[in-house]
Amino acid sequence: MCYAIPGKVHSINGNIVIVDYFGQKKRAINELKTLAIGDYVYAQGGYVIQKLETAQAQDILATWQDMFSLLNEVDKEKFSLSQSTVTNDLNLRRILDQALVSNQLKNEDSLYLINLANQADTELFLKTANFLRQKYHQNACCVHGIIEISNYCKRNCYYCGISTHNQNLKRYRMNKEEIILAVYEAIKVYGFKAILLQSGEDVGYSINELADIIEEIKRKYDVLILISFGEIGYEGLKDLFKAGARGLLMRFETSNEKLYSDLHPGYILKNRIAQIKQAYQLGYFIITGGLIGLPGQTKQDIINDILLAKELKADMYSFGPFLPHANTPLGKEPIVKEIDILKTLALIRLLADQEAKILVTTALETLDFKAREKALLAGASSLMINLTPLDYRKFYSIYPNRAHERENLKIQVESVIQLLKSLGRIPIDLGI
Ligand code: SAH
């Protein structure tokens with residue numbers, strides 16, 4: 001089983017190639033030296049990452065062919081708007097009609113949606129987001145793995161359970177061999193094609209060491225590597241890009257400058273945003289977003305967060321609930337409601353660029369074990385599976401009782417496959 005399906009190169013223009021997936025055409029950047037029209041490739045995050053033998057690709061595609069149309073049918077039933085409640089709310093109808101044809105909404109209309117309280121109207125809003133998800137991405141759902149390589153962190157983020165505030169946490173740092181072994185299992189046993197390496201801001205690894213690990217992975221495997229090591233600076237980003245990293249996950253956390261400074265004493269939002277912009281300039285696939293439910297955060301802040309992620313050219317939006325951790329200054333804050341997160345995801349789908357992916361975060365799944373399904377039906381199009389070795393995973397406790405904390409890889413993979421099948425989604429990465 002595999003987390004991407006091969007596509008056929010339809011055309012090549014410089015380093016841009018168009019890849020065909022059963023008739024759906026997607027654009028990707030090619031860095032392979034020899035690639036010709038008619039070749040079969042795997043693409044991830046908008047990058048061609050591997051060329052396949054024609055016979056092998058055709059075998060794989062033959063197994064997908066029937067499944068592809070079957071899954072499409074299942075998805076179609078779910079995204080159809082025809083059985084949806086017709087709302088009596090004419091303003092809502094007007095806003096949703098507008099959203100069906102344009103990803104620009106007036107601020108007051110975004111506020112209206114995010115403030116919806118009536119259950120039937122809210123459902124119609126979420127369904128409209130799912131309809132647009134299908135319109136822009138068909139039934140594709142991209143899946144990537146995450147390895148949390150270290151929980152050491154020098155930062156003082158008020159909400160975070162691996163920050164300097166938590167003095168009661170056992171700290172760990174995986175060495176190169178452990179990281180390569182986890183990557184090996186994910187790729188060779190389970191067929192992952194995109195892996196995110198994440199850590200706290202850990203001074204225990206030098207940029208050279210991180211570059212060496214990434215180079216080694218890229219030497220051994222055809223895989224998209226994404227990184228999330230915090231603010232490593234322009235030179236750090238540049239060196240790791242050179243080593244082979246192609247994606248960056250860096251949330252700006254909140255677009256409200258004052259709230260950002262309050263929650264990160266000594267740090268400023270501008271610097272974090274500058275790094276995300278630099279990463280984009282360097283060619284990284286950008287995953288960014290913020291925390292929902294922070295103390296003092298308003299609905300307007302959340303809309304501003306979405307617009308900031310859009311301005312930062314997010315290829316994938318990562319928005320999830322803030323979950324209080326007892327050993328942090330925000331340990332006693334209330335927990336945000338699940339529906340507020342679903343409404344945020346739906347609004348992202350209405351406002352984001354069409355190609356943008358929307359991630360279901362583990363924090364949302366921690367709020368409700370059924371949240372993955374609910375989010376995928378409210379505009380989300382992307383999932384993440386935790387590949388951190390079980391002995392370490394419980395110590396990456398950014399918030400308590402994380403979903404999948406004790407599930408081995410086999411169980412996680414099986415449940416994702418089952419969920420995607422039940423929703424009619426196909427684990428294809430559509431590229432940009
Ligand atoms: N050092 C990396 C990774 C940080 S941990 C970086 O700076 O990007 C990854 C994410 O966990 C953070 O960006 C933050 O948004 C999220 N996080 C931290 N504490 C959290 C909490 N209490 N609830 C929900 N998410 C949290």
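The values are calculated or read from the model by the stated rules, or taken from the named source; none is laboratory data. Because the structure is predicted, anything quoted here is derived from the model rather than measured. With ideal geometry, Cβ positions are generated from the backbone for all residues, glycine too; neighbour counts draw on all protein chains shown. The protein model used for the area step is the full one, side chains on, heavy atoms only, and it has no ligands, DNA or RNA in it. Shrake-Rupley method; radii C 1.70, N 1.55, O 1.52, S 1.80 Å.
Observations on the model:
- Looking only at segment 215-233, and only at residues there that are in contact (Cβ under 8 Å) with a residue 12 or more places away in the chain, in a helix (DSSP H, G or I) and more than 16 Å from the ligand (Cβ to nearest atom), the one that is nearest to Ala43 (Cα to Cα): Lys218
- Segment 145-165: number of residues that are within 27 Å of Gly379 (Cβ to Cβ) and either part of a loop (DSSP other than H, G, I, E, B) or open to solvent by 10 Å² or more (accessible area, probe 1.4 Å) (or both): 2
- Output for segment 247-270, where each listed residue is more than 15 Å from Gly200 (Cα to Cα), within 14 Å of the ligand (Cβ to nearest atom) and not in a loop (DSSP other than H, G, I, E, B): Gly247, Leu259, Tyr260, Leu263, Leu269
- Every listed requirement among (1) modelled with pLDDT under 85; (2) farther than 23 Å from Lys374 by Cα; (3) open to solvent by less than 80 Å² (accessible area, probe 1.4 Å) is met by Asp66 save one, (3).
- Within segment 300-311, residues that are within 19 Å of Leu116 (Cα to Cα) sit with their Cβ atoms under 6 Å from residues that are open to solvent by less than 10 Å² (accessible area, probe 1.4 Å), at 6+ positions apart or across chains, in these pairs: Ile302/Thr344; Ile303/Ser110; Asp305/Gly290; Ile306/Ile348; Ile306/Leu351.
- Matching entry among Ala117, Ala182, Ala129, Ala186 (being assigned to a loop (DSSP other than H, G, I, E, B) and hydrophobic (A, V, I, L, M, F, W, C)): Ala117
- Within segment 70-98, being modelled with pLDDT of 75 or more, open to solvent by less than 40 Å² (accessible area, probe 1.4 Å) and under 15 Å from Thr122 (Cα atoms) holds for Thr87, Asp89, Leu92, Ile95, Leu96.
- Wholly enclosed helices (runs of 4 or more DSSP H) of segment 341-432 bearing at least 3 residues within 15 Å of the ligand (Cβ to nearest atom), over 19 Å from Ile286 (Cα atoms) and open to solvent by less than 20 Å² (accessible area, probe 1.4 Å): 362-367
- Among residues of segment 175-205 being hydroxyl-bearing (Ser, Thr, Tyr) and within 16 Å of the ligand (Cβ to nearest atom), the one that is farthest from the chain's Cα centre (by Cα) is Tyr205.
- Test: residue in segment 191-202 that is farther than 17 Å from Gly45 by Cα and open to solvent by 40 Å² or more (accessible area, probe 1.4 Å): no
- Complete set of residues in segment 212-222 that are at pLDDT 95 or above, surrounded by fewer than 19 Cβ atoms within 10 Å (Cβ to Cβ) and within 19 Å of Ile49 (Cβ to Cβ): Glu215, Glu216, Lys218, Arg219, Lys220
- Filtering segment 32-55 to residues that are assigned to a loop (DSSP other than H, G, I, E, B), open to solvent by 40 Å² or more (accessible area, probe 1.4 Å) and within 21 Å of Gly191 (Cα to Cα) leaves Leu32, Glu53.
- Test: residue in segment 68-84 that is in a helix (DSSP H, G or I) and in contact with a Leu (Cβ under 6 Å, 6 or more places away or on another chain): no
- Qualifying residue in segment 273-284 (condition: free of Cβ contacts under 8 Å to residues at least 24 places away in the same chain, in contact with a helix residue (DSSP H, G or I) (Cβ under 6 Å, 6 or more places away or on another chain), more than 15 Å from the ligand (Cβ to nearest atom) and over 21 Å from Lys154 (Cβ atoms)): no
Yes/no per residue for (1) over 29 Å from Asp340 (Cβ atoms); (2) in contact with a Ser or Thr (Cβ under 9 Å, 6 or more places away or on another chain); (3) surrounded by 14 or more Cβ atoms within 10 Å (Cβ to Cβ); (4) not hydroxyl-bearing (Ser, Thr, Tyr):
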| position | (1), (2), (3), (4) |
| --- | --- |
| Asp239 | yes, no, yes, yes |
| Arg251 | no, yes, yes, yes |
| Asn256 | no, yes, yes, yes |
| Asp262 | no, no, yes, yes |
| Ile276 | no, yes, yes, yes |
| Leu282 | yes, no, yes, yes |
| Thr288 | no, yes, yes, no |
